[in-house]
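What follows is one structure encoded as structure tokens, with my remarks underneath.
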Amino acid sequence: MTAAMPSVAEYRDRVQRVQAAMATRSLAALVVADPANIYYLVGYDAWSFYTPQCLIVPAVGDPHFFARTMDAAGARFGADLGPERVHGYPEELVHRPDRHPYQWICQRAKEIGLLPDDGQIAVEADAHFFSVRGYLALAELCGADRLIDSAELINWVRVIKSDYEQDQLRRAGRICSVAMATALDVIEPGVRQCDAVAAISSAQIAGVDDQGGDYPAIVPLLPTGAGAGVPHLTWTGDRFVGGEVTTIELTGVSRRYHAPLARTVMLGRPPRRLSLVAGVVGDGMAAVLELIKPGVTADEVHAAFDAVLARHQLIKESRLGYSIGIGYPPDWGERTISLRTGDQTQLRSKMAFHVIAGMWADGWGYELSESILVTDAGAERLTDVDQVLRVKGR
């Protein structure tokens, strides 16, 4: 069973809230290149973001979608887009050194009144799939002096989750719990890392009884042995070895909504320092989850964790977490709020975060994380996996 898509009314509400944010900055139009933001506004979901595509949101009226012709045809599947609002650029523009699809997109958008001759046009300057050549093509035809950075305008609208979105995050959390249970079960001495990840990936996609899983924005991360001292390493064909630690970071995905989770496995008796850090990090996580509620700042959340570490002469230099929701490769973060020193953003009900207490040192590491929803009653965990160092064998 798969969850239904949002209602047409929800899509329209999202567009209206984005246009209201555009109005505060007197924007004439917004060029949306981030596939997560395109999905958020109209529901278009396809692996086509490797070629130029965008949604253009006017100050008033409906957004229009522009993509390669063969991909534009896919906009009728699940997306809140009528055929008159979908435009496919010619195949001859794909991977050309002398011409760029954004030249065609800009000309077509001007013809239908989406890009007026005056006023500022915001572009997603930090989006992963908005290239320099794309920007230069727009600048050539619209004027570089009119293009400004959107500063993640849509991402900031997305931080408050609707009831539908909260339901998807909970569904993603259930899938994540199953995937992590699979990981904790399959990692054993002699098992190849690649075979473990195959089992994890199968669990992620199979999902749970009432919800199939989507592909994740980030593949399962599996720093092992000496590599556990740094984050974000993937797997190899090597076999797990007794006496080594493995940190696991993975996610469950429902309708592109991500609920990540990190845990740590020790094959054999854990070193004293690892057991100590695991206990301290667990206490720090408990303090953070107890503190999180509407009105608390991101800075205060990080400070609560730091206070626990400081009692044991430990330091965490990296941020403690970030906002989450819709995700496409290469990231599941929203690029807005960070749980770190100096971020004075106040947490509000219906926000979602990945709280990741990762500690890394030379030759070893420990990770414990939770995906949570902020509610009026506090932090709601989206998964139900034990928050302990998993020790297998002695």
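The values are calculated or read from the model by the stated rules, or taken from the named source; none is laboratory data. These numbers were taken from a predicted model, which means no experiment stands behind them. Reconstructed Cβ throughout: ideal geometry from the backbone, glycine too, with neighbour counts over all protein chains shown. Heavy atoms of the whole protein, side chains included, go into the accessibility calculation; ligands, DNA and RNA do not. Shrake-Rupley method; radii C 1.70, N 1.55, O 1.52, S 1.80 Å.
Restricting attention to the stretch 98-127, and to residues there that are in a helix (DSSP H, G or I) and charged (D, E, K, R), which single residue is surrounded by the most Cβ atoms within 10 Å (Cβ to Cβ)?
Looking at the filtered set, the residue picked out is Arg108.
Inspect the stretch 169-181 for any residue being assigned to a loop (DSSP other than H, G, I, E, B) and farther than 20 Å from Leu115 by Cα and give the result as yes or no.
Scanning the stretch 169-181 turns up no residue that is assigned to a loop (DSSP other than H, G, I, E, B) and farther than 20 Å from Leu115 by Cα.
Looking only at the stretch 36-53, which residues are out of contact with any strand residue (DSSP E or B) (no Cβ under 9 Å at 6 or more places or on another chain) and open to solvent by less than 10 Å² (accessible area, probe 1.4 Å)?
Scanning the stretch 36-53 gives a single hit, Gly43.
Identify the single condition in (1) β-branched (Val, Ile, Thr); (2) more than 30 Å from Lys350 (Cβ to Cβ); (3) in a helix (DSSP H, G or I) that Val157 does not satisfy, given that it satisfies every other one.
It fails just one condition, (2).
Give just the number: which of (1) open to solvent by less than 10 Å² (accessible area, probe 1.4 Å); (2) at pLDDT below 95 does Ala33 not satisfy?
(2)
Hey, Leu314 hits all of (1) of a type in the set (A, V, I, L, M); (2) within 27 Å of Ala181 (Cα to Cα); (3) touching a strand residue (DSSP E or B) at 6+ places or on another chain (Cβ under 8 Å) but one; which does it fall short on?
(2)
Suppose we filter the stretch 21-41 for residues that are more than 19 Å from Pro329 (Cβ to Cβ) and among the hydroxyl-bearing types (Ser, Thr, Tyr); how many remain?
Looking only at that region, the number is 2.
Residues Arg269, Arg256: which one is open to solvent by less than 20 Å² (accessible area, probe 1.4 Å) and of a type in the set (D, E, K, R)? Lay out the reasoning, then the answer.
Numbers: Arg269 fails: open to solvent by less than 20 Å² (accessible area, probe 1.4 Å).
The match here is Arg256.
Listed residues Gly82, Gly43; which is in contact (Cβ under 8 Å) with a residue 24 or more places away in the chain and out of contact with any Lys or Arg (no Cβ under 8 Å at 6 or more places or on another chain)? Give the steps one after another, and end with the answer.
On the way: Gly82 fails: in contact (Cβ under 8 Å) with a residue 24 or more places away in the chain.
Exactly one of Gly82, Gly43 is in contact (Cβ under 8 Å) with a residue 24 or more places away in the chain and out of contact with any Lys or Arg (no Cβ under 8 Å at 6 or more places or on another chain), namely Gly43.
Of the conditions (1) of a type outside the set (S, T, N, Q); (2) within 25 Å of Asp384 (Cβ to Cβ); (3) open to solvent by 10 Å² or more (accessible area, probe 1.4 Å); (4) more than 21 Å from the chain's Cα centre (by Cα), Ala228 fails just one. Which one is it?
(3)
So how many residues does the stretch 54-69 have that are open to solvent by less than 10 Å² (accessible area, probe 1.4 Å), free of Cβ contacts under 8 Å to residues at least 40 places away in the same chain and over 21 Å from Gly333 (Cβ atoms)?
2
So which residues in the stretch 131-152 are under 17 Å from Arg335 (Cα atoms) and either touching a Ser or Thr at 6+ places or on another chain (Cβ under 9 Å) or buried (at least 21 other Cβ atoms within 10 Å of the Cβ) (or both), if there are any at all?
Of everything in the stretch 131-152, those that are under 17 Å from Arg335 (Cα atoms) and either touching a Ser or Thr at 6+ places or on another chain (Cβ under 9 Å) or buried (at least 21 other Cβ atoms within 10 Å of the Cβ) (or both) turn out to be Ser150, Glu152.
If a residue has to be in a strand (DSSP E or B) and either open to solvent by 50 Å² or more (accessible area, probe 1.4 Å) or closer than 11 Å to Ala379 by Cα (or both) to count, how many in the stretch 333-354 make the cut?
Adding up the residues that qualify gives 4.
For residues that are surrounded by 16 or more Cβ atoms within 10 Å (Cβ to Cβ) and over 24 Å from the mean Cα position of the chain (by Cα), scanning just the stretch 231-250, find the one that is farthest from Ala181 (Cα to Cα).
That would be Glu244.
Kindly indicate whether Val186 is open to solvent by 10 Å² or more (accessible area, probe 1.4 Å), under 17 Å from the mean Cα position of the chain (by Cα) and without any contact (Cβ under 8 Å) to a residue 24 or more places away in the chain. Can you show your working first?
Working: open to solvent by 10 Å² or more (accessible area, probe 1.4 Å): yes; under 17 Å from the mean Cα position of the chain (by Cα): no; without any contact (Cβ under 8 Å) to a residue 24 or more places away in the chain: yes.
Against the criterion (open to solvent by 10 Å² or more (accessible area, probe 1.4 Å), under 17 Å from the mean Cα position of the chain (by Cα) and without any contact (Cβ under 8 Å) to a residue 24 or more places away in the chain), Val186 does not qualify.
Just need a number here: residues in the stretch 41-54 that are in contact with a Gly (Cβ under 8 Å, 6 or more places away or on another chain) and under 20 Å from Glu165 (Cβ atoms).
Within the stretch 41-54, residues that are in contact with a Gly (Cβ under 8 Å, 6 or more places away or on another chain) and under 20 Å from Glu165 (Cβ atoms) number 3.
Please determine whether any residue of the stretch 209-225 is in a helix (DSSP H, G or I), at pLDDT below 95 and open to solvent by less than 40 Å² (accessible area, probe 1.4 Å).
Yes, the stretch 209-225 has at least one match.
What residue, among those in the stretch 291-332 that are within 22 Å of the chain's Cα centre (by Cα), of a type in the set (Gly, Ala, Ser) and farther than 18 Å from Ala379 by Cβ, is most open to solvent (accessible area, probe 1.4 Å)?
Ser318
Hey, can you tell me all the residues within the stretch 355-394 that are hydrophobic (A, V, I, L, M, F, W, C) and either over 24 Å from Pro294 (Cα atoms) or open to solvent by 10 Å² or more (accessible area, probe 1.4 Å) (or both)? Walk me through how you get there before you give the answer.
Filtering the stretch 355-394 down to residues hydrophobic (A, V, I, L, M, F, W, C) leaves 355-357, 359-361, 364, 368, 372-374, 377, 379, 382, 385, 388-389, 391.
Result: Ile356, Met359, Trp360, Ala361, Trp364, Ala377, Ala379, Leu382, Val385, Val388, Leu389, Val391.
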